[in-house]
Amino acid sequence: GESVGLHLPTLSVQEGDNSIINCAYSNSASDYFIWYKQESGKGPQFIIDIRSNMDKRQGQRVTVLLNKTVKHLSLQIAATQPGDSAVYFCAENRGQAGTALIFGKGTTLSVSS
Amino acid sequence: ETGVTQSPTHLIKTRGQQVTLRCSSQSGHNTVSWYQQALGQGPQFIFQYYREEENGRGNFPPRFSGLQFPNYSSELNVNALELDDSALYLCASSLEVRAGGPDTQYFGPGTRLTVL
């Protein structure tokens, strides 16, 4: 079935490295994508979003890339810090304003110092 | 901090009981969505309320019901609790639904429900 998924369940990096977390989606009608960070015992925290009319968007230390041709989304974190350790989810919203977010299973990022 | 609050933080119930979870949306938001997150999984959409009316529902049985109040706060009610209902229940608030496209959803800290 159609779903949002992540390529790897875990990613381990050294402090200061750049991290790349990947996500694949299957519904070409999806037009809004969001990355969330979830720390243990907390709710998902919004990181960055991108709409389908863009292929790149940058925030503070984060960049999201969208490749609609291969239905691929990635989150790049520059100079990864121990505080970035968390589970990262990509989510898609399929078309209509204010409707459900469809989440993938998540990638656990572990940053060692 | 998103400004979205949920209560209670934790809750323990027994099978067959009923539970009510509460959510206060971020100031200025009038849409609340509820999600269920099982351990190790991503959140699953339950339903959404916009201006006090249900505005979409996921694949959850009718024993999951909700309300939204004039101040845009919301309740999630679950009847006849089952063991599989044990999960983290998240609410997310967003700005007014508009034709320009989906609005960013901001999540609260969640309520951890354990059904014994």
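Below are the figures for this structure:
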item	result
Residue check, B:S93 surrounded by fewer than 18 Cβ atoms within 10 Å (Cβ to Cβ) and either more than 7 Å from chain A (Cβ to nearest Cβ) or modelled with pLDDT of 95 or more (or both)	no
Of residues in the stretch B:13-31 being touching a Lys or Arg at 6+ places or on another chain (Cβ under 9 Å) and assigned to a strand (DSSP E or B), the one surrounded by the fewest Cβ atoms within 10 Å (Cβ to Cβ)	B:V19
Spans of strands (runs of 3 or more DSSP E) in the stretch A:46-113 with at least 3 residues closer than 20 Å to B:Y106 by Cα and modelled with pLDDT of 95 or more	A:62-67, A:86-93
Count of the stretch A:5-36 residues which are closer than 15 Å to A:T108 by Cβ and either in contact with an Asp or Glu (Cβ under 8 Å, 6 or more places away or on another chain) or part of a loop (DSSP other than H, G, I, E, B) (or both)	5
In the stretch A:4-63, the residues that are without any contact (Cβ under 8 Å) to a residue 12 or more places away in the chain and either at positive phi or in contact with a His (Cβ under 8 Å, 6 or more places away or on another chain) (or both)	A:G41
Matching residues, the stretch B:19-40, being more than 15 Å from B:T111 (Cα to Cα), in contact (Cβ under 8 Å) with a residue 12 or more places away in the chain and not β-branched (V, I, T)	B:Q26, B:S27, B:G28, B:H29, B:N30
Test: B:N71 is under 18 Å from B:T2 (Cα atoms) and surrounded by fewer than 20 Cβ atoms within 10 Å (Cβ to Cβ)	yes
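Rundown of residues vs (1) hydrophobic (A, V, I, L, M, F, W, C); (2) within 11 Å of another protein chain (Cβ to nearest Cβ); (3) surrounded by fewer than 19 Cβ atoms within 10 Å (Cβ to Cβ), yes/no style:
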{"position": "A:Y36", "(1), (2), (3)": "no, yes, no"}
{"position": "A:M54", "(1), (2), (3)": "yes, no, yes"}
{"position": "A:R57", "(1), (2), (3)": "no, no, yes"}
{"position": "A:T63", "(1), (2), (3)": "no, no, yes"}
{"position": "A:L66", "(1), (2), (3)": "yes, no, no"}
{"position": "A:A78", "(1), (2), (3)": "yes, no, yes"}
{"position": "A:A91", "(1), (2), (3)": "yes, yes, no"}
{"position": "A:R94", "(1), (2), (3)": "no, yes, yes"}
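The values are calculated or read from the model by the stated rules, or taken from the named source; none is laboratory data. Everything numeric in this text was worked out from a predicted model, so none of it was measured. So basically every Cβ, Gly included, is an ideal-geometry build from the backbone, and we count neighbours across all protein chains shown.
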